[in-house]
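Engineer: Provided herewith is a single structure, encoded as structure tokens, for subsequent inquiry.
Bear in mind that the values in this text are calculations on the coordinates, not laboratory data. Treat the numbers as computed from the prediction; the structure is a model and nothing was measured. No Cβ is skipped: glycine too gets one built from the backbone with ideal geometry, and neighbour counts run over all protein chains shown.
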């Protein structure tokens with residue numbers, strides 16, 4: 001690294017660190033050398049502030065371990081009482097006025113060893129003794145330490161953590177469709193905005209270097225990129241309250257006895273990036289008040305973080321892989337190396353522009369990092385080697401073309417990788433069919449099946465001749481039948497065809513203005529007229545619709561049970577008691593699934609929200625709804641009705 005990139009420089013300007021005593025070139029040099037002894041006190045403090053700002057902004061400069069064990073440790077050694085060590089490391093500043101948080105959001109004390117956790121338990125035992133409480137009766141709770149974007153939800157406003165005392169209103173993320181993880185209810189206090197690790201790997205890794213980079217993009221004020229909107233609409237990105245996290249709980253004795261097993265279990269409880277385990281005293285306010293807090297952290301809570309491991313690894317080769325879109329992505333095949341309890345033999349090199357610039361090829365010596373369950377990352381290139389840039393698609397042999405930093409295969413109709421990924425994407429997006437994963441699709445394609453339509457033409461004899469067992473063959477046919485008879489939204493069906501720049505959100509938006517079979521007649525100007533479609537996107541959409549029309553019509557004519565998307569105009573004019581109203585369903589419904597009731601409400605012209613706001617007209621309650629939630633709705637002027645009252649409203653004669 002010779003300097004900071006443009007995004008990093010923008011973040012430093014945003015938090016007013018552009019006037020740091022360190023130049024951008026010197027910051028990059030310090031990060032590469034990782035030697036704090038060369039810095040005076042002012043430079044060391046400035047570098048820590050820069051690293052924290054870039055980490056919070058989703059553009060980390062150094063790893064957590066280097067930050068904690070090298071630079072922060074140097075400051076602790078020089079000045080054990082330095083104010084920076086006691087302050088809450090602030091999130092990046094956002095546009096907008098800061099407001100006081102409903103309660104303090106302190107940082108968490110950290111330990112990188114079991115002995116550190118043992119000292120914390122001893123502290124709890126001493127406090128219990130002083131409070132005349134029997135320690136064996138106390139419970140410890142252990143939850144995954146999410147590596148996301150910290151926020152606080154009071155039910156009305158979602159705040160950034162800011163400096164722990166004041167944050168910025170980012171409630172707009174809920175208006176964009178972000179849901180609450182766990183039980184889905186608003187107002188549960190502190191938590192983090194996170195994205196599913198599996199979703200990030202399969203949908204976002206080629207666009208974002210890491211999940212923090214992506215999470216930071218979700219809260220920005222300006223219009224989101226389609227990737228971020230898709231993740232929100234697919235419920236892969238959520239705000240997850242800490243209180244809703246799955247957890248281990250037990251006594252201090254059990255924790256001491258099974259420490260390693262508990263850590264291993266808790267780290268795998270969620271499908272989100274985690275960088276440790278949080279231990280806290282459970283349900284004893286007397287001891288919590290006795291222990292109190294520093295300006296930085298609560299004394300009754302501690303985080304265990306396994307040191308991020310790094311290793312110098314030789315690249316054996318760089319393997320090109322063709323995606324559904326035709327983009328050819330480089331995967332570095334590595335000398336098998338154990339990091340954070342897992343054997344790592346592959347790491348993404350992101351794009352061939354990076355491979356070319358850094359010199360990643362056979363024999364390259366790289367520094368690989370991995371902390372907890374975070375994706376292995378090429379931290380830096382130590383010894384570059386000549387890169388091997390492919391000239392032809394690894395799947396079909398077609399000549400590749402450059403588009404910015406990316407290589408593309410343009411043989412969309414005959415490239416095996418694009419065909420297989422397209423078929424798999426179709427069934428995965430429908431979300432009402434099982435069995436058509438990568439292995440099954442590869443087997444079908446090897447037998448000459450090259451389109452979604454061809455899959456639907458198969459019979460049991462053909463499947464058996466391809467090597468599928470009798471039971472498996474019948475299951476596949478049953479699933480194909482299910483996919484056509486089970487009701488799905490027409491925007492989801494359209495999204496299954498993988499149209500460029502058309503995530504599920506854009507598909508729904510398009511069909512709120514035009515019927516499904518009319519979209520192939522649209523001009524660029526027609527699409528531009530729809531809110532949310534810029535000129536470049538509109539041109540790409542019209543071009544791609546023309547390309548898929550024949551395949552689309554073939555599959556459509558097979559007969560699917562599609563739920564039409566209500567037109568915005570129809571929603572406003574529809575003659576129904578809930579037309580134009582905003583509803584929220586909560587609790588367990590007795591007369592049908594909440595999802596089905598939501599779909600019906602939308603067909604009747606209503607808007608369906610996931611949380612109650614001042615704009616909500618009706619809160620429809622099933623069973624097991626807390627009194628506090630109902631009281632909060634009434635306080636906002638929202639009419640609360642039961643499931644039976646709601647059904648009676650729908651059946652009311654005009």
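Engineer: Which peptide among 231-241, 514-524, 538-548, 176-186 comes first, and what is the full order, when sorted by highest mean count of other Cβ atoms within 10 Å?
Structural biologist: In decreasing order of mean packing, 231-241, 514-524, 538-548, 176-186 become 231-241, 176-186, 538-548, 514-524.
Engineer: I've got another one for you. If you stretched the chain out fully between residue 404 and residue 431, how much longer would it get, using 0.36 nm times the residue separation minus the C-alpha to C-alpha distance?
Structural biologist: That works out to 6.4 nm of additional length.
Engineer: Something else now. Could you tell me whether region 373-523 comes out rounded, prolate or oblate from its Cα gyration tensor? Rule is a ≥ b ≥ c as square roots of the eigenvalues, rounded for a/c under 1.5, then prolate if a/b exceeds b/c, otherwise oblate.
Structural biologist: Oblate, because a/c is 1.5 or more while a/b does not exceed b/c.
Engineer: Between residue 534 and residue 104, what length comes free when the chain is fully extended (0.36 nm per residue of separation minus the Cα-Cα distance, one decimal in nm)?
Structural biologist: 150.7 nm
Engineer: How large is the helix-only mean residue ellipticity at 222 nm for the chain, computed as the sum of -39500 (n - 2.57) over DSSP H runs with n ≥ 4, divided by its residue count, in deg cm²/dmol to the nearest 500?
Structural biologist: -10000 deg cm²/dmol
Engineer: Simple spin-label model, 7 Å along Cα-to-Cβ: residue 546 to residue 459 in nm?
Structural biologist: 4.0
Engineer: For the pair residue 558 and residue 474, how long in nm is the line joining their label points, each one 7 Å along Cα→Cβ?
Structural biologist: Taking the two extended label points, one gets 2.1 nm.
Engineer: Tell me, in nm to one decimal, what length is gained between residue 635 and residue 413 on full extension, where the rule is 0.36 nm per residue of separation less the Cα-Cα distance?
Structural biologist: Between residue 635 and residue 413, full extension yields an extra 74.1 nm.
Engineer: With each label point set 7 Å from Cα along the Cα-Cβ vector, what nm distance links residue 520 and residue 220?
Structural biologist: 3.7
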